[in-house]
1. Might you work out the accessible area of A:Trp91 for me, using a 1.4 Å probe with all protein chains in place, and round it to the nearest 10 Å²?
2. Working from the alpha-carbon coordinates of region A:155-293, get Rg over Rh, Rh being the Kirkwood radius.
3. Can you give me the % of accessible surface on region A:217-313 that is carbon or sulfur? Probe 1.4 Å, all protein chains present, nothing else counted.
4. What does the structure give for A:147-158 when I average, per residue, the other chain Cβ atoms found within 10 Å of the residue Cβ?
5. Over the Cα atoms of region B:188-282, how large are the radius of gyration and the largest Cα-Cα distance (Dmax), in Å?
6. Using only Cα atoms, what Kirkwood radius does the protein assembly as shown have, in angstroms?
7. Would you be so kind as to identify which of B:Ser95, B:Thr126, B:Phe116 lies farthest towards the positive end of the dipole of region B:78-149, taking Lys and Arg as +1 and Asp and Glu as -1 on Cβ and the Cα centre as origin?
8. Which percent of the Cα-Cα distances in chain B go past 36 Å?
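The values are calculated or read from the model by the stated rules, or taken from the named source; none is laboratory data. Only a predicted model underlies this, so the values are computations on that prediction, with no experimental measurement involved. Cβ placement follows ideal geometry from the backbone for every residue including glycine, while neighbour counts extend to all protein chains displayed. Accessible surface is based on the protein model in full, side chains and every heavy atom, while ligands, DNA and RNA are left aside. Shrake-Rupley method; radii C 1.70, N 1.55, O 1.52, S 1.80 Å.
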Amino acid sequence: MAVRRLEAAALDALFGALRRRGYTLVGPTLHDGAIVYDELTGTAELPIGWTEVQDAGHYRLARRDDDARFGYTVGPYAWKRHLHPPALRLWRAERDAEGGFELLDEPHDPPKVAFIGVRPCDVAAIAIQDRVFTGGAHVDPDYQARRERAFIVAVNCTEPGGTCFCASMGTGPEARDGYDLALTEIIAPARNGQRAEPSYLLEVGSERGEQLLAELGGRPARGDEVADGERRLAEAAGRMGRALDTRGLADALRRSLDNSRWDEPAARCLACGNCTLACPTCFCNTVEDTTDLTGAFAERTRRWDSCFTQDLSYIHGGPVRVSLKSRYRQWATHKLGTWQEQFGTSGCVGCGRCITWCPAAIDLTEEVAAIAASAQARASRRQARVAPSPERGTEAGDAAATR
Amino acid sequence: MAPLVSAVSRTADPFVRTGKRPTLAVWKFASCDGCQLTLLDCEDELLAVAGQLDVAYFLEASSATAAGPYDVSLVEGSITTTHDAKRIREIREMSGKLVTIGACATAGGIQALRNFAGPDGGPDVTAYAAAVYAHPEILDALPTSTPISEHVFVDFELRGCPIDKRQLLEVVSATLAGRKPQIPSYSLCLECKRSGAVCVMVAHGQPCLGPATQAGCGALCPNFSRGCYGCFGPHEGPNMPALGDRFAELGVDADGWLRALRTYNAYAGPFRKEADHVERTRS
Ligand code: SF4
Ligand code: SF4
Ligand code: SF4
Ligand code: SF4
């Protein structure tokens, strides 16, 4: 499908076309000092002319000198909020006359929601959660229903943020698939003090997306316009705020469970769980069974949980991961190591949320790189010991290596 | 003090299933009555089960009282007099399940500041008494304010200053059904993130006790762009020194950190230890 070029006004047309098809629109908007994804009634609610500054444990809104609609990166909450809600009732039960109980079915009838402005890292994160919730033998019916009714308007990133590293994780700054429509926002420089309206390059990723085209206006993009978009995205890949070398990483982490370097993040970690709840791929939840005052009704609720709580690893006798070190290690090794074995992908898409929204300013990329480097150093020390040398036979070296 | 387990509590069965009408008593010690008001605020819910639950003793609501024993006792307030210390043992003996409600009953409350008021940082109530009362010599006050659990066995501690209404209903429902209350002991940040609030530490540079505080209020303050004050006390495993470092990076000096720790839950272990440490090491 050829790339199309749209004017800024086409966003209004897009909102209208989606609404006519029964979609509720959820997209970026300002709320309490951040750009969050919330219900939108029109394009005027987009964060026009706003951006943000992100660093470890730090987020501040900032003004732009243009009228970009998508001139920010990602907010505190990922789209999982709308696909895997923070609290969900799974079932209810009512006591019957015979002293038993009757299960009352919980309907899975979510609204149709159009996600406006899904960043490439988040598109990849949705694909990862698809695998978690619907990829195995046990499909989560609620997630599936929400997912089927979600329309994804991706927006590629020409200006990565301070904690972004999607380029390292191979998920951005351009979305390759997993969307219905994808936009690249093109900001032209101001002329005669007049801010230029942004324009958009549009790519279609699904039949549902294609069906909207006639209502959006625009024209086929010229070759130079497509090249300009590609250049902007290629440059963006070189301007990531963070980076992570993933070569051999899962293996290095596997060999580092007893590494004392874990003590450093553990000393700073608050066990607050913010990283896991902000992360677009973390899926852990807890189920709570409650009864009401009369004892005639019971219900089970599922809530977001985190491997930073003691309850998550609580089994007969007590929690398995008591120390903060074991919990931080669980988080890092699951995201970047064991997730691979479990789901065939990395559990990290490089969105940077866990870094920005960690109130202790712990940087996953920094900690993991340090662990990997120390595993590397350990491996080469070991190799040096076993290597035969003229003065020293291999025997002693072998003994040292197996200790 | 060895916890006292009453004979009644060991034999208590789930009331709902046995069909007997359980009796509830509400007791007050040193406190502001705020937690009892939360109970009064559950009026609609409690009226709905009026036929199944006898509120036998609740002076805040009615002066009519029925003699014990009681199946469930809710206890508000801390122990601050020798008379209190004796009375709580009598109440324990009369009660099947004893549930303490609020920061005073679970941690000694704001009045536990006397526990550190002495010149050596130890307990001393004389200065406070002299500042407040015209004739402090007629007072019979202990030098400490202590949680109920330091005096008798407690079946469940419900945190908060004041307690949260939904949590109170959950504890009463669970106690009546003979099941474990679904009251989490993890950090407030989990509730904060679930609620959709924007983190005030990260986005506003405001100090927040949420990462050290037990969930329960639904992240009330962060949802009004304020840092958490720690009303629900320390969570299951807070890293106090690390949060102190973070407060310092946000511009809070040692005095400010000490003030943040020494409020309604000042006497609760992790807050107390960190505050003691700050006092000892402060130049
Ligand atoms: S681990 Fe961190 S950077 Fe990676 S996807 Fe999760 S929140 Fe984003
Ligand atoms: S990192 Fe922790 S919270 Fe996230 S999915 Fe893994 S175990 Fe669950
Ligand atoms: S790493 Fe940061 S966000 Fe995650 S639990 Fe520790 S302090 Fe909280
Ligand atoms: S505002 Fe406070 S409670 Fe909420 S996430 Fe931030 S630190 Fe935690």
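1. 80 Å²
2. On the Cα set of region A:155-293, Rg over Rh gives 1.11.
3. Its accessible area is 52 percent carbon and sulfur atoms.
4. 0
5. Final numbers for Rg and Dmax: 12.4, 39 Å.
6. By the Kirkwood definition, the hydrodynamic radius is 28.4 Å.
7. Toward the positive end, the furthest listed residue is B:Ser95.
8. So the portion of pairs separated by more than 36 Å is 19 percent.
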